[in-house]
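Working notes, beginning with the structure itself.
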Amino acid sequence: LPNALVAAAVAAFLALGTWNVVLSSAREEAQAAVAEQAELVDALLTPGRATIAPLTADGATVATVVAREGQVQVVAQGLRPNDVQDQTYVVWGTGDGGAAALGTFDVTSPQPAVRTVVSGPSGLDAYTGYAVSLEPGRSAPPEPSDIVASGEVPS
């Protein structure tokens, strides 16, 4: 009987230790998700005028472009992660003059996240739409090769 009690106590101790490790890992993942969501909300609530364009692929919204004076942000909410060594996403401003590359960004997780892709140029509100392409290499080409999502600026 004493050996059985010792074995049960050791098993309970090991189970509690394992449970503690699992809970600690889950807590760290939850904290990281909350931090990403707080960054997303902070970026979207930045004061000032913004042009917002939802981008769709196959009828589903996969990203949203938020253009402010001198800055474009992409809220990736359904774009698949790209190979950060060999691919990059490019955000394009579209309109009557064709498409202009505004910047590049990476998607490293399927979770919603804000990616800032441009700082500097002005006149971003002149575009009537936006698009995102997935390009080979790590820089924007002169023209998009594989548009994965696009959308118009609501009137």
Could you provide, to the nearest whole Å², the per residue accessible area of the chain with probe 1.4 Å?
60
ASP86-ASN20 FRET efficiency (beta carbon distance; Förster radius 41 Å; 0.05 resolution)
0.55
In nm, what is the difference between 0.36 nm times the number of residues separating ILE52 and ARG27 and their Cα-Cα distance?
5.6 nm
Once amide H atoms are placed 1.01 Å from N in the peptide plane, what residues at a sequence separation of 5 or more from VAL148, or on another chain, have their amide H within under 5 Å of its amide H?
VAL132, SER133, LEU134
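Any idea what the dipole of the chain comes to, in debye rounded to 20, about its Cα centre with Lys/Arg Cβ at +1 and Asp/Glu Cβ at -1?
400
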Mind listing the Cα extents of the chain along all three principal axes, in Å, largest one first?
86, 35, 30
Sulfur and carbon atoms: percent of accessible area, the chain [1.4 Å]
57
Summing +1 for each Lys or Arg and -1 for each Asp or Glu, what net charge is found among the other residues whose Cβ lies under 9 Å from the Cβ of ALA113?
-1
Enumerate the amide H contacts of VAL107 below 5 Å, restricted to partners 5 or more residues apart or on another chain; note that Pro and chain-start residues carry no placed amide H.
ASN82, TYR89
Against the longest alpha carbon principal axis of the chain, how many degrees, from 0 to 90 and to the nearest 10, is the axis of helix 2-44 turned?
20
At GLU36 and PHE13, where each label point lies 7 Å from the Cα along Cα→Cβ, what is the point-to-point distance in nanometres?
3.8
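The values are calculated or read from the model by the stated rules, or taken from the named source; none is laboratory data. The structure presented is a predicted model; accordingly, all values stated were derived computationally and were not measured. Note that we place each Cβ from the backbone using ideal geometry, even for glycine, and neighbour counts take in every protein chain shown. In case anyone asks, the SASA skips ligands and DNA or RNA and just uses the protein heavy atoms, side chains included. Shrake-Rupley method; radii C 1.70, N 1.55, O 1.52, S 1.80 Å.
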